[in-house]
Each structure stands twice: as structure tokens, then as C-alpha cells.
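Enquirer: Structure incoming, see below.
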């Protein structure tokens with residue numbers, strides 16, 4: 001985005017013109033009102049006469065001719081006058097609804113009871129479903145309900161039928177984020193995990209580059225807490241528009257590889273992570289997952305380090321249906337999403353609870369430097 005350019009002379013002129021217009025309108029309100037409302041407008045008029053726009057700044061609401069109930073002149077006016085000013089807006093408020101309140105109480109009680117249930121994950125193995133049949137059905141219904149909103153959207157109908165473009169922001173907010181949030185919430189075993197959508201740079205990238213200033217921001221990442229003040233970035237996602245170019249997809253593919261490798265490398269750099277992964281069983285289970293949304297296709301990758309070799313491989317891929325289609329066409333997407341969920345949960349469980357008295361093999365301690373030229377790669 002370009003920086004906002006402020007004309008230091010022009011804004012004063014515009015602001016003063018807006019203030020004069022506002023004073024004129026307030027004066028008309030004084031003449032056209034009675035009783036307490038008239039007194040309120042008179043007080044507002046008096047306060048406006050004492051205002052110097054240069055002391056307010058260009059972005060103050062008054063400079064644009066707006067009376068804001070949380071800014072001048074109301075901060076200097078008794079609350080009773082403010083209440084009169086707010087009166088026309090009271091019609092939008094609703095009375096308390098007991099149906100909503102009862103539903104909230106029922107929902108929270110049910111969820112609290114689930115939290116207290118102990119999930120039996122003693123026989124956790126990769127390649128096996130961890131969720132109960134009821135949980136799988138519940139997740140599937142939620143995914144389908146989320147997709148149904150997309151299928152019913154005129155925007156996506158225009159995209160599928162007429163090729164009207166969808167920007168990346170809409171694609172993330174309306175399609176991808178709801179799906180990922182559904183499958184990555186309430187993971188089996190209830191590990192301490194949280195998601196970040198494009199808000200901050202990767203800590204693993206920061207460590208490699210030596211500065212948060214140059215750290216890359218993934219579009220999404222999942223972070224797991226492995227102990228007190230011990231965190232690991234375990235999954236990343238990159239995306240573009242539904243019709244993004246092949247070049248964009250290739251760049252995202254390479255970017256995800258760097259993120260995944262950086263995360264594995266943190267287990268040899270950060271002392272608290274080194275202590276956890278000093279056991280060979282935990283290091284053997286260490287896997288970082290990456291989701292590349294290549295247009296309308298989801299690609300699920302995983303990176304492992306075996307015999308000092310970083311291995312990056314595709315696990316699942318599926319088309320993201322942006323229009324109503326058959327169950328057989330929707331199933332691959334749900335299967336891929338649930339594969340991500342299960343693989344991440346299983347990996348976390350094995351890292352947290354597997355035990356091994358021996359140290360990891362010497363070769364796994366060697367680290368290959370990630371090539372990063374130019375600096376922002």
C-alpha cells in the first residue's frame with residue numbers, strides 16, 4: 001500500500017470549511033428544537049465555536065464534518081446531553097433474548113463436559129483415524145455447511161459460470177479460513193495449539209534471518225505448545241486467488257519448503273526445543289506440514305528429516321469445489337482436510353508422550369543452511 005500523502009495546507013482549508021458548515025447545521029438544529037434537545041444543541045454550538053482544527057489533526061471526525069459521540073465536543077459535555085444526542089440510535093437496540101441466553105448456557109455446559117472427558121489416545125498410530133464416528137460426522141457436516149454458503153453465493157456462481165475473478169482476501173475469508181478453522185479446532189487429545197492468519201512473521205524464519213524485520217509471513221500457521229514457553233510451528237499454508245498463476249503456485253511451493261525446513265531447524269537451535277528433541281523417538285516423529293492452495297486445488301505436504309536428509313513430499317491433494325457438486329467430488333477435499341487434522345494431532349501426541357532413554361543419532365544433529373538470496377526470500 002502507498003503511504004497516505006497529506007497536503008499540510010489543503011487539509012486545514014477543507015477542515016475549516018467543514019467546520020463552518022457543521023456550525024451552520026448545528027445552528028439550524030438550535031432554532032428547530034425545544035427543551036432539553038435545544039439546550040444540547042446550544043452547548044454543542046458553544047463548544048464548536050471554541051475549536052481550532054489545527055489543534056485536532058487532519059483525521060479528527062470534526063475535520064470531516066462529523067459529530068462523533070466519543071470525541072470533541074462531547075468529551076467536554078455533560079453525559080445527560082450525550083444521552084440526548086444518542087437517543088435516535090436507541091431504536092436499533094434489542095431486548096435481551098432468552099432463547100439466545102439458554103442456548104449459550106446449554107452450549108457452554110456441553111463443551112465444558114467435553115473438556116473434562118479423557119480421550120484415550122494410547123494406541124495412536126499414523127495412518128489411523130483418531131476421531132470418533134460422531135466427531136467425524138460433526139466435522140463433515142460443518143465443512144459441508146461452510147461449502148454450502150460458498151455454493152449459494154452469487155459471487156462464486158459468477159466465478160464458476162462466467163469466470164469473474166475472486167480476490168485473494170475473499171477466497172481466504174469466505175472459503176479457506178472457515179474450512180481450516182473447522183478441521184484444526186478441538187484436535188484429538190486436546191493439545192495446546194493456536195492458529196495465526198497472516199498477522200505476524202514466522203519465528204522460525206526470524207531465527208534464520210536474524211531479524212523479525214526480514215522474517216517471512218505465512219498466510220497461515222499452526223503453533224503447538226510443547227511445554228512452558230516452548231512453541232513449535234507445525235503447519236503452514238500459502239494461497240492465492242482461485243485462478244492464481246502457475247508462477248504464483250511455484251513460488252508458494254518453494255516458500256512452504258523454506259518455512260518447513262526453518263521450523264525443523266529450530267529444534268537444533270532453540271535450547272528448550274533441543275532438550276525435547278534430543279530423544280531419537282521424538283526426532284523421528286518430528287514432521288512439519290504445509291498446505292499449498294494452488295488455485296482451486298489443496299495440496300497437503302509434509303517434511304521430515306531422516307538420515308540428515310530433509311524430505312518433502314505430497315500426501316494428499318484435492319479440488320476445492322466452488323459450486324454444488326456430487327458427494328464423490330466433495331469427499332476428496334474432506335478427506336484431505338481430515339488427513340491434515342489427524343496427521344498433526346498424531347504428530348503432536350507422539351512428540352509429547354513418546355519416551356526414549358537414548359540420545360538421537362549423531363547424523364541428525366547436522367544442519368544444512370537454507371539458501372536465502374535475496375534477503376526477503
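Enquirer: Here is a list of conditions, (1) within 19 Å of residue 269 (Cβ to Cβ); (2) crowded, with 16+ Cβ neighbours inside 10 Å, and residue 237 meets all of them except one; can you say which number that is?
Expert: Against the list (1) within 19 Å of residue 269 (Cβ to Cβ); (2) crowded, with 16+ Cβ neighbours inside 10 Å, residue 237 comes up short only on (1).
Enquirer: Quick test of your reading of the structure: residue 257 fulfils all but one of (1) closer than 24 Å to residue 308 by Cβ; (2) surrounded by fewer than 18 Cβ atoms within 10 Å (Cβ to Cβ). Name the failing condition by number.
Expert: Among (1) closer than 24 Å to residue 308 by Cβ; (2) surrounded by fewer than 18 Cβ atoms within 10 Å (Cβ to Cβ), the lone unmet condition for residue 257 is (2).
Enquirer: Checking the structure you have, find out if any residue of the range 169-176 is in contact (Cβ under 8 Å) with a residue 40 or more places away in the chain, out of contact with any strand residue (DSSP E or B) (no Cβ under 8 Å at 6 or more places or on another chain) and surrounded by fewer than 19 Cβ atoms within 10 Å (Cβ to Cβ).
Expert: no
Enquirer: Could you grab me the full set of residues in the range 63-82 that are buried (at least 16 other Cβ atoms within 10 Å of the Cβ) and either within 34 Å of the chain's Cα centre (by Cα) or farther than 16 Å from residue 20 by Cα (or both)?
Expert: Passing the criteria: 67, 74, 77, 81.
Here is a yes/no grid of residues against (1) in the same structural domain as residue 84 (by TED's automatic domain parsing); (2) more than 22 Å from residue 78 (Cβ to Cβ); (3) in contact with a strand residue (DSSP E or B) (Cβ under 6 Å, 6 or more places away or on another chain); (4) modelled with pLDDT of 90 or more:
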| position | (1), (2), (3), (4) |
| --- | --- |
| 21 | yes, yes, no, yes |
| 24 | yes, yes, no, yes |
| 30 | yes, no, no, yes |
| 41 | yes, no, no, yes |
| 46 | yes, no, no, yes |
| 50 | yes, no, no, yes |
| 53 | yes, yes, no, no |
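Enquirer: One residue is enough: does the range 177-184 have a residue meeting the conditions in the same structural domain as residue 276 (by TED's automatic domain parsing) and not in a helix (DSSP H, G or I)?
Expert: no
Enquirer: Quick check on the range 311-323: of everything there that is under 26 Å from residue 263 (Cα atoms) and surrounded by fewer than 17 Cβ atoms within 10 Å (Cβ to Cβ), which residue is farthest from the chain's Cα centre (by Cα)?
Expert: Filtering the range 311-323 for residues that are under 26 Å from residue 263 (Cα atoms) and surrounded by fewer than 17 Cβ atoms within 10 Å (Cβ to Cβ), the one farthest from the chain's Cα centre (by Cα) comes out as 311.
The values are calculated or read from the model by the stated rules, or taken from the named source; none is laboratory data. These figures come from a predicted structure and were not determined experimentally. FYI the Cβ positions are ideal-geometry reconstructions off the backbone, even for glycines, and counts take in every protein chain you see.
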